[in-house]
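Right, one structure below, let's go through it.
The values are calculated or read from the model by the stated rules, or taken from the named source; none is laboratory data. Note that the coordinates shown come from a computational prediction; the quantities given were computed from them, not determined experimentally. Using ideal geometry, Cβ is built from the backbone for each residue, glycine included, and neighbour counts are taken over all protein chains shown.
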Amino acid sequence: MLQDIFPHSFHNEYINAEPEPESRIVIFEKNHAWMKVDMNKQTAEFPLYREVKSLKATYRYLFAIDKTRFFLAERTEDGPLAFKGLQTASIRELYRYEPGYVKFAAITALQLRNWYRDNHFCGRCGREMEQDEKERMMKCECGNTVYPKISPAIIAAVRNGNKLLLTKYADREYKRYALIAGFSEVGESIEDTVRREIMEEVGLKVRNLRFYKSQPWSFSDSLLMGFFCDLDGDETIRLDRHELSEARWIDREDLDIEFDGISLTNEMIIRFKENDF
Ligand SMILES: [Zn+2]
């Protein structure tokens, strides 16, 4: 999955630090990042601080990968940007490039950028917020504290003997088969989220919930929790056409899907196909 960056390691504990010459700098323009891209080798890296020192910006510490610290540049002047040897790339474009940890760094940095951007001012009193010195938290004189937005959500693989329930979303760019997915509601256990989402989207009852793995999914500020479960009773699908365009039972032998190394959904379908679940 995207977050599996072994042999590298991700360190997200907050420190109050300034960039050094060899720190990596993340400069976003909307949802594109300025990168050093090598088309021949199909590699991409974030620039070093010493390479973008001319940028008028303040810097926020993001995280470290191994011993390399990553910082977010927040520009202090408007106008077009240009850096020698750098180009902009969307997060999706980065999927094509190596090393894998750069993709994970990019998507994680984007989530933090969005959170800092959206919490500049206090939602309670309207004053300007400031970053706490000890932990990743925005605080206000009025006493309001705001932590990064991480929304729990589920991915559910529903088994029916040798068949797996696959779905397609309605009105989305993503047209490949997926599993049942949805966000937790306030006051709900994660197991109840699984049962509710399956009932809402396809009108089925399930039993035998087993947690598989989780995945931080920064595109939607979510933490996905993957469950396998078994159909309980009638297998007739009653489709919620607002959410899904299609849902069907597919035999294990007919699952036509390749390992992508990115998503929890993909890994769960592959595990079912390989008869592991
Ligand atoms: Zn306030």
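When residues of the range 103-140 are filtered for being over 15 Å from Arg60 (Cβ atoms) and part of a loop (DSSP other than H, G, I, E, B), how many remain? Qualifying residue count, the range 103-140: 7.
Does Phe219 satisfy the condition of being of a type outside the set (Asp, Glu), within 16 Å of the ligand (Cβ to nearest atom) and more than 21 Å from Asp251 (Cβ to Cβ)? It would help to see each step written out before you state the result.
Working: of a type outside the set (Asp, Glu): yes; within 16 Å of the ligand (Cβ to nearest atom): no; more than 21 Å from Asp251 (Cβ to Cβ): yes.
For Phe219, the condition - of a type outside the set (Asp, Glu), within 16 Å of the ligand (Cβ to nearest atom) and more than 21 Å from Asp251 (Cβ to Cβ) - is not met.
The residue that is farthest from Arg24 (Cα to Cα), counting only those in the range 84-131 that are aliphatic (A, V, I, L, M) and touching a Lys or Arg at 6+ places or on another chain (Cβ under 7 Å), is Met129. Scanning the range 247-277 for residues that are surrounded by 14 or more Cβ atoms within 10 Å (Cβ to Cβ) and in a strand (DSSP E or B) yields a count of 4. Determine, yes or no, whether Ile190 is within 15 Å of Thr265 (Cβ to Cβ), more than 16 Å from the ligand (Cβ to nearest atom) and not aromatic (Phe, Trp, Tyr). Taking the combined requirement at face value, the residue does not satisfy it.
Can we say Arg92 is in the same structural domain as Pro19 (by TED's automatic domain parsing) and modelled with pLDDT under 95? Here the answer is yes, as Arg92 does meet what is asked.
Is it the case that Tyr59 is touching a Phe, Trp or Tyr at 6+ places or on another chain (Cβ under 6 Å), in contact (Cβ under 8 Å) with a residue 40 or more places away in the chain and of a type outside the set (Gly, Ala, Ser)? Let's see the steps before the verdict.
Values: touching a Phe, Trp or Tyr at 6+ places or on another chain (Cβ under 6 Å): yes; in contact (Cβ under 8 Å) with a residue 40 or more places away in the chain: yes; of a type outside the set (Gly, Ala, Ser): yes.
Considered against the rule, which asks whether it is touching a Phe, Trp or Tyr at 6+ places or on another chain (Cβ under 6 Å), in contact (Cβ under 8 Å) with a residue 40 or more places away in the chain and of a type outside the set (Gly, Ala, Ser), Tyr59 comes out as yes.
Specify the residue that is nearest to the ligand (Cβ to nearest atom); the eligible residues are those in the range 89-133 that are basic (Lys, Arg) and within 23 Å of Asn16 (Cα to Cα).
Ranking the candidates gives Arg127 first.
Looking at the structure I just gave you, is Ala106 surrounded by 14 or more Cβ atoms within 10 Å (Cβ to Cβ) and in the same structural domain as Ala33 (by TED's automatic domain parsing)? Can you show your working first?
Numbers: surrounded by 14 or more Cβ atoms within 10 Å (Cβ to Cβ): yes; in the same structural domain as Ala33 (by TED's automatic domain parsing): yes.
Yes; evaluated as a whole, the condition is true for this residue.
Of everything in the range 31-81 that's under 15 Å from Leu94 (Cβ atoms) and not in a strand (DSSP E or B), which residue is nearest to the chain's Cα centre (by Cα)?
The initial filter retains those residues of the range 31-81 that are under 15 Å from Leu94 (Cβ atoms), namely 31-39, 41-47, 65, 70.
Narrowing the set further to residues that are not in a strand (DSSP E or B) leaves 31, 39, 41-42, 46-47.
Details: Asn31: 14, Met39: 25, Lys41: 26, Gln42: 23, Phe46: 19, Pro47: 22 Å.
Among those residues, the one meeting the criterion is Asn31.
The condition of being exposed (fewer than 11 other Cβ atoms within 10 Å of the Cβ) and in contact with a strand residue (DSSP E or B) (Cβ under 8 Å, 6 or more places away or on another chain) holds for only one of Gly123, Gly79, Gly85, that being Gly85.
For every residue, the table says whether it meets (1) surrounded by 13 or more Cβ atoms within 10 Å (Cβ to Cβ); (2) acidic (Asp, Glu); (3) within 26 Å of Asp260 (Cα to Cα).
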position: Tyr101; (1), (2), (3): yes, no, yes
position: Arg136; (1), (2), (3): yes, no, no
position: Tyr147; (1), (2), (3): no, no, no
position: Tyr169; (1), (2), (3): yes, no, yes
position: Asp192; (1), (2), (3): yes, yes, no
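Within the range 134-156, track down each residue that is near the ligand (Cβ under 10 Å from one of its atoms) and among the hydroxyl-bearing types (Ser, Thr, Tyr). Residue satisfying the conditions is Thr145 alone.
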